[in-house]
Amino acid sequence: MTRSWVFLLFIQSTIFIVNAKLPFAVPTCKRDSSDYALCLKKVLQQVWTKVIPGVPELGIPSLEPYHIQTESFDLDMGDINAKIRVKNVKAYGALNILWQSIKPHHSKDYFKMDANFTTSRVFAEGDYKAEGGFGTFKQKGRGKFNLTLDNLKSTVHLEGPIVNDRWVIKEFKFRPEIGDLKFWASNLNKENDEITAAILSVINDYWRDFLPEILPFAENIWNNAWKNLTNEIMKNVPFSEIFP
């Protein structure tokens, strides 16, 4: 799932820097205007709804649903460890995203930006393969899964110096706050349906206890990927054209 969020956040930044290439008009927000931050928020929400169906000119696919061909990650939390691979994933939720505020922080040679958003629901479904364990208890599974996240909100933070009229992203942070989480998967234990049911019950009853341990692993993946993606764009676009 990390790749889907990285891509959606990648689109959020792209919106501000490709006005000339978009197949629709985008208003310009002047930095010295009294409603600069409010203008940025309105522009982002306006353009967001237009890019959800996809923008072939920019290589942006449909975001509702967003398709993930494959994604792999490892978890190592002491006694709990797992290797997980998902594929053929469809993620829904882009239509529900509301951009609540954009907070730009300009200085002479440095720029920071915080973008706050909320969404009522994110839903993903696909195929999975996993192996891991808790202490000496080992587990393997393979089948279908779905994940529902309700009442999600987050602040996306980007910052870095302005070098030769280019914004060089040195820091990116994104950690979602989740109101509720529901997870289902088939065949978590291929030989015993009761064990599968027990594992699902533990996940859905105690996810709030697990989440703080899991998030740092996910953040390392999406934060670095996001920073690299953004810098690939920014190195080709003058900063003065992004934020006039």
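The values are calculated or read from the model by the stated rules, or taken from the named source; none is laboratory data. Model, not experiment: these values are computed from the prediction. All Cβ positions, glycine included, derive from the backbone under ideal geometry; neighbour counts span all protein chains shown.
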Q.
Let me confirm something: among LYS190, LYS173, LYS235, LYS153, which residue is surrounded by fewer than 18 Cβ atoms within 10 Å (Cβ to Cβ), at negative phi and touching a helix residue (DSSP H, G or I) at 6+ places or on another chain (Cβ under 7 Å)?
A. LYS173
Q) On the given criteria, is VAL163 touching a strand residue (DSSP E or B) at 6+ places or on another chain (Cβ under 7 Å) and not acidic (Asp, Glu)? A) no
Q: Of the conditions (1) under 21 Å from GLU159 (Cβ atoms); (2) surrounded by fewer than 15 Cβ atoms within 10 Å (Cβ to Cβ), TRP222 clears all except one; give me its number.
A: (2)
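Can you name the residue in region 26-51 that is among the hydrophobic types (A, V, I, L, M, F, W, C) and in a loop (DSSP other than H, G, I, E, B) and, of all such residues, is nearest to ALA94 (Cα to Cα)?
VAL26
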(Q) For region 54-63, give me each residue that is under 18 Å from the mean Cα position of the chain (by Cα) and either modelled with pLDDT of 80 or more or surrounded by 14 or more Cβ atoms within 10 Å (Cβ to Cβ) (or both). (A) GLY54, ILE60, SER62, LEU63
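For every residue, the table says whether it meets (1) assigned to a strand (DSSP E or B); (2) of a type in the set (Gly, Ala, Ser); (3) over 19 Å from the mean Cα position of the chain (by Cα).
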{"residue": "ASN151", "(1), (2), (3)": "yes, no, no"}
{"residue": "ASP180", "(1), (2), (3)": "yes, no, no"}
{"residue": "ASP209", "(1), (2), (3)": "no, no, yes"}
{"residue": "PRO216", "(1), (2), (3)": "no, no, no"}
{"residue": "THR230", "(1), (2), (3)": "no, no, no"}
**Q.** Residues located in region 64-91, provided they are in a loop (DSSP other than H, G, I, E, B) and within 20 Å of the chain's Cα centre (by Cα)
**A.** GLU64, PRO65
Q: Could you grab me the full set of residues in region 182-192 that are part of a loop (DSSP other than H, G, I, E, B) and either in contact with a His (Cβ under 8 Å, 6 or more places away or on another chain) or of a type in the set (Gly, Ala, Ser) (or both)?
A: SER186
Q | Matching entry among LEU98, LEU158 (being under 22 Å from TYR36 (Cβ atoms), within 15 Å of the chain's Cα centre (by Cα), surrounded by fewer than 15 Cβ atoms within 10 Å (Cβ to Cβ) and not acidic (Asp, Glu)) | A | LEU98
Q: Considering only residues that are assigned to a strand (DSSP E or B) and hydroxyl-bearing (Ser, Thr, Tyr), look in region 111-147 and name the one that is nearest to SER240 (Cα to Cα).
A: THR118
